[in-house]
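Please read the structure below before turning to the comments.
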Amino acid sequence: MSLARALVIKTAALPPVEAIVRKSFLFRPLVSRFIAGDDLEHAVEASSHLLDEGIRISLDYLGENTKSEQEALHAIATYERMLKEIDKEKHVRAFREAGAQGIEPLNISIKLTQCGLDQGQEFAENNYRHVLREAQTLQNFVRIDMESSEYTERTIDIVTRVHQEFKNTGTVLQSYLKRNDDDVDLMIEKQIRTRLVKGAYLEPDTVAFTDKAKVDEQYVAQAKRLLSKGFYPALATQDEGIINELVKYVKDEGIDKQSFEFQMLYGIRRDLQQGLTKDGFNVRVYVPFGDSWYPYFTRRLAERPANALFIAKAMFRQ
């Protein structure tokens, strides 16, 4: 990870900085760019506009590391409400009424620490299974987001075990982790739907590659393996150079455009989202919402080193 990116993440983690970002009008345009709103209704509205353009959606209720079982159960209730609201959405209804058997237009992404993993693995897994039963009833899919490396092993263990019963689930892998080649192989072997990302958490060099060129190299190689052997992989990147290389690989290898999807973040590279959709590729946008948006927001800020200067200027204006 670059020095500038690490600086943004560490600076943003300071309580006085968080207080300023949450209260200052200077940050509101940036927050609204990356976050679809504080509530589900705003997120569904934002999603509907994108669905009108032929872009698929994964809704994400923001929040990590619940502090109690009660807080985790609240998150589970929110997931259930998300699935029920999705089932009413006009594009989803049209998809069902057409008797479509393909990939769902609108699904959800959840986190195991939001399911209560810090309160106990069995507790979190039971909650996860509960959400999957609801999703299965509504013919929908649930993605488990990958969190920091502290949770990687447990997340993969839980997902691979639960997937034996519930095929309507998948997970996320991070190419900057040094273990990720093995994890990609496992997901291919188990034919589990996998979203590949570069990785956005601040990790030590003992577990993660810190050189951008190396991370990019890992990402491209792993993406190609998933394209060739994986089950409907999701390639999550806004890097136009990488996207162009993968598009060329798909063409050269004769890979069906319907056998995978590109994924991008809400508010980032709309031009790429629209261009890929126009070219016949499946594109899904990750739409986050909720009042626990700050950690996610700081990771988006850290992706552009120039934002460190923006934070500093905003603090001095207070």
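What follows is calculated from the coordinates using simple rules that are stated; it is not laboratory data. What you see is a predicted model; the values in this text were computed from it and never measured. Here the Cβ is made from the backbone with ideal geometry for all residues, glycine too, and neighbour counts use every protein chain on show.
What is the set of long-range amide H partners of Leu106 at a cut-off below 5 Å, with H atoms built 1.01 Å from backbone N?
Under 5 Å from the amide H of Leu106 lie the amide H atoms of Ile57, each far enough along the sequence or on another chain.
Over the chain, what is the relative contact order in percent, taking alpha-carbon pairs closer than 8 angstrom and at least six residues apart?
Numbers: 477 pairs, mean separation 81.7, N = 318.
Computed value for the chain: 26 percent relative contact order.
About the Cα centre, and with charges only on the beta carbon of Lys, Arg (+1) and Asp, Glu (-1), how big is the dipole of the chain? Nearest 20 debye, please. Please list the in-between numbers first.
Details: 44 positive and 48 negative charges, 156 e Å.
With only Lys, Arg, Asp and Glu charged at Cβ, the dipole is about 740 debye.
Report the gain in length on full extension from Val207 to Arg179: 0.36 nm times residue separation, minus Cα-Cα distance, nm rounded to one decimal.
Numbers: separation 28, 0.36 × 28 = 10.08 nm, distance 0.75 nm.
Answer, rounded to one decimal: 9.3 nm.
Students often forget the sequence filter, so: which aspartates and glutamates lie under 20 Å Cα-Cα from Lys178 once same-chain residues fewer than 8 apart are removed?
Asp145, Glu147, Glu150, Glu153, Asp157, Glu189, Glu203, Asp205, Asp211, Asp216, Glu217
At 0.36 nm per residue, minus the direct Cα-Cα distance, what do Gln164 and Glu245 gain on full extension? Give it in nm, one decimal, please. Mind showing how you got there, number by number?
Values: separation 81, 0.36 × 81 = 29.16 nm, distance 3.37 nm.
Gain on stretching Gln164 to Glu245: 25.8 nm.
Summing Lys, Arg as +1 and Asp, Glu as -1, what charge do residues with Cβ under 15 Å from the Cβ of Lys251 carry, Lys251 excluded?
On the way: positive: Lys224, Lys248, Lys257; negative: Glu245, Asp252, Glu253, Asp256, Asp279.
Neighbourhood net charge equals -2.
Treat each spin label as a single point 7 Å out from the Cα along the C-beta direction, and report the Gln258 to Glu189 distance in nm.
If labels sit at Gln258 and Glu189, their model points lie 3.1 nm apart.
Would you mind pulling out the separation of the Cα centroids of the stretch 26-78 and the stretch 161-215, in Å?
Between the Cα centre of the stretch 26-78 and that of the stretch 161-215, the gap is 23 Å.
Can you run the Rg to Rh ratio on the stretch 146-244? Use alpha carbon positions and the Kirkwood inverse-distance Rh.
Looking at the stretch 146-244, the ratio lands at 0.95.
Wrap a convex hull around the Cα atoms of the stretch 215-266, take a quarter of its surface area, and give that in square nanometres. Please report the intermediate quantities before stating the final value.
Numbers: hull surface 14.2 nm².
Answer in nm², one decimal: 3.5.
Reachable lysines from Lys167, Cα under 16 Å, same-chain residues fewer than 8 places away excluded?
Straight-line reach from Lys167, under 16 Å: Lys190.
Could you pull out every one of the aspartates and glutamates with an alpha carbon less than 17 Å from that of Lys84, ignoring same-chain neighbours closer than 8 positions?
Leaving aside aspartates and glutamates fewer than 8 places away in the same chain, those within reach of Lys84 are Asp39, Glu41, Glu45, Asp60, Glu97, Glu104, Glu134.
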